[in-house]
Amino acid sequence: MLSKMASSPPDTSKTIKIERYNSYLRRVNSTKLLINASSKVLFRATLLIALALIFYFVLHYPPLSDAPSSFHLHTTRRNFLSSALYGPHAGGPSWEKQVRHSSTPRRPNGMSVLVTGAAGFVGSHCSLALKKRGDGVLGLDNFNDYYDPSLKRARQALLLKHQVFIVEGDLNDAPLLTKLFDVVPFTHILHLAAQAGVRYAMQNPQSYVNSNIAGFVNLLEVAKAVNPQPAIVWASSSSVYGLNTESPFSESQRTDQPASLYAATKKAGEEIAHTYNHIYGLSLTGLRFFTVYGPWGRPDMAYFFFTKDILQGKAINVYRTQDGKEVARDFTYIDDIVKGCVGALDTAEKSTGSGGKKRRPAQLRIYNLGNKSPVPVGKLVSILEGLLSTKAKKHVIKMPRNGDVPYTHANVSLAFRDFGYKPTTDLSTGLRKFVKWYVNYYGIQSKLRKETSTGGNNNDHPEESD
């Protein structure tokens, strides 16, 4: 009996069960770890794919229209990327240092001016004129591609040489504007940013509403809330006179018949300015520019593309009115416009609001800035032919119904009375300076250099526009 018991195998069932249970636990734990790791990998992969799709859509999704007018969509996408990646504190300490340095006046009682559209034609000239006399100047520009952005970048480089820093951003970026006012207590705003051009509004109407109305309102919303509120000088347009037949155009005449969407948005701007002045006590001065021309000008303007086409041997269209009369413009040289802008800034009174509330009545003004001397477009072409030593191939046609008006003529007596505005540059002199700049900037080697270099020291660069 004892021998049978001794020969019986030991009972290992409990050990086997324990091993099986441990094995099961190990498998369960391994599965959990695998699931957890897989979940993390899947989450990260999904996040990366989503971000990649967002960036792909923002950067590469085709515009809604094949027309070049879709540029404002690219501007919107760029603003979205800026806000998404950087937020309102995009620049950091070094950026803030640049902003403060550029904005600090170098003369006693100097102004600190935010210039919107600083890389534009009028904006770059005004920025340099203010900086040269010792005011602090900070630029803001979105560098859109309404016309060749390389020209805007060249203006930017010129401004930077004179220690004027341009912040790249959009008027509709409220956090950016708020950040700028947090960094610098601007005394003045020179608001020149806008969607320009009369005919382009037929291709891309939304860009005019986005820039000239929504952008202006956004700027005023930020300005009304800061303390102290800045005084604001802004660019309206002679286009607001629209179908007005009285001549010369005076500020007291009616401006409720705009002939183009561009004119309508500028007229809307004047009414918006009245509202913010009335409710919030913002000091606002509107300037109605009359056909500004000169060095560093806009390529979409007639004098600019006439010059280009005449040199290239291309035909140009010279318009006549529907009843056969010559189209005439009150061409105003850029230096005269700059003097008007600076004069308006110098005589702008302080805003009267505080904490977004009006304390007492504030200054509200509107002025014409023109040359007081309408010139037929045919005469403009004749002057260019002489300066370029080339005969233009002219197509004389009737003016299309695209929003242009046949005639402009500025009465500037109000601006003369209030800040001494007095234009001094006739069209022949101004075009000679423009052509000299044009051939130098675009590197045109010809007898034009000799022709355009006569007549003394020409103001052909913004830094000479005092």
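The values are calculated or read from the model by the stated rules, or taken from the named source; none is laboratory data. Please read all numbers here as calculations on a predicted model, not as lab measurements. For neighbour counting, all protein chains shown are included, and Cβ atoms are generated from backbone atoms with ideal geometry for every residue, glycine included. In case anyone asks, the SASA skips ligands and DNA or RNA and just uses the protein heavy atoms, side chains included. Shrake-Rupley method; radii C 1.70, N 1.55, O 1.52, S 1.80 Å.
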Residue in the stretch 409-425 that is open to solvent by 50 Å² or more (accessible area, probe 1.4 Å), under 19 Å from Ala129 (Cα atoms), polar (S, T, N, Q) and not in a strand (DSSP E or B) present: yes
Residues of the stretch 394-431 classified as under 28 Å from the mean Cα position of the chain (by Cα), under 29 Å from Asp148 (Cα atoms), among the charged types (D, E, K, R) and modelled with pLDDT of 95 or more, total: 0
Candidate set: the stretch 152-164, residues that are among the hydrophobic types (A, V, I, L, M, F, W, C) and more than 26 Å from Pro230 (Cα to Cα); chosen: the one surrounded by the most Cβ atoms within 10 Å (Cβ to Cβ): Leu158
All helices (runs of 4 or more DSSP H) inside the stretch 197-298 with 1 or more residues being at pLDDT 95 or above, under 30 Å from Asn440 (Cβ atoms) and open to solvent by 30 Å² or more (accessible area, probe 1.4 Å): none
Checking Pro149 against (1) without any contact (Cβ under 8 Å) to a residue 12 or more places away in the chain; (2) open to solvent by less than 30 Å² (accessible area, probe 1.4 Å), the condition it does not meet: (2)
The stretch 97-108: number of residues that are open to solvent by 40 Å² or more (accessible area, probe 1.4 Å) and either over 8 Å from Gly134 (Cβ atoms) or out of contact with any Ser or Thr (no Cβ under 7 Å at 6 or more places or on another chain) (or both): 8
Candidate set: the stretch 388-408, residues that are of a type in the set (Val, Ile, Thr) and open to solvent by less than 40 Å² (accessible area, probe 1.4 Å); chosen: the one nearest to Ser373 (Cα to Cα): Thr408
Test: Val338 is in contact (Cβ under 8 Å) with a residue 24 or more places away in the chain, of a type in the set (Val, Ile, Thr) and more than 18 Å from Phe290 (Cα to Cα): no
Search result, residues across the stretch 343-378 that are surrounded by fewer than 21 Cβ atoms within 10 Å (Cβ to Cβ), hydrophobic (A, V, I, L, M, F, W, C) and within 25 Å of the chain's Cα centre (by Cα): Leu364, Ile366
Number of positions in the stretch 230-248 that are under 22 Å from the mean Cα position of the chain (by Cα) and either among the charged types (D, E, K, R) or within 17 Å of Leu190 (Cβ to Cβ) (or both): 8
Which numbered condition Glu168 fails, given (1) closer than 26 Å to Thr291 by Cβ; (2) under 14 Å from the mean Cα position of the chain (by Cα): (1)
Residue in the stretch 299-332 that is farthest from Lys357 (Cα to Cα), counting only those that are assigned to a helix (DSSP H, G or I) and touching a strand residue (DSSP E or B) at 6+ places or on another chain (Cβ under 9 Å): Ile310
Flag if Ala348 is in contact with a helix residue (DSSP H, G or I) (Cβ under 9 Å, 6 or more places away or on another chain) and part of a loop (DSSP other than H, G, I, E, B): no
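Can we say Arg320 is at pLDDT below 95, of a type in the set (D, E, K, R), closer than 27 Å to His409 by Cβ and surrounded by fewer than 21 Cβ atoms within 10 Å (Cβ to Cβ)?
Criteria met by Arg320.
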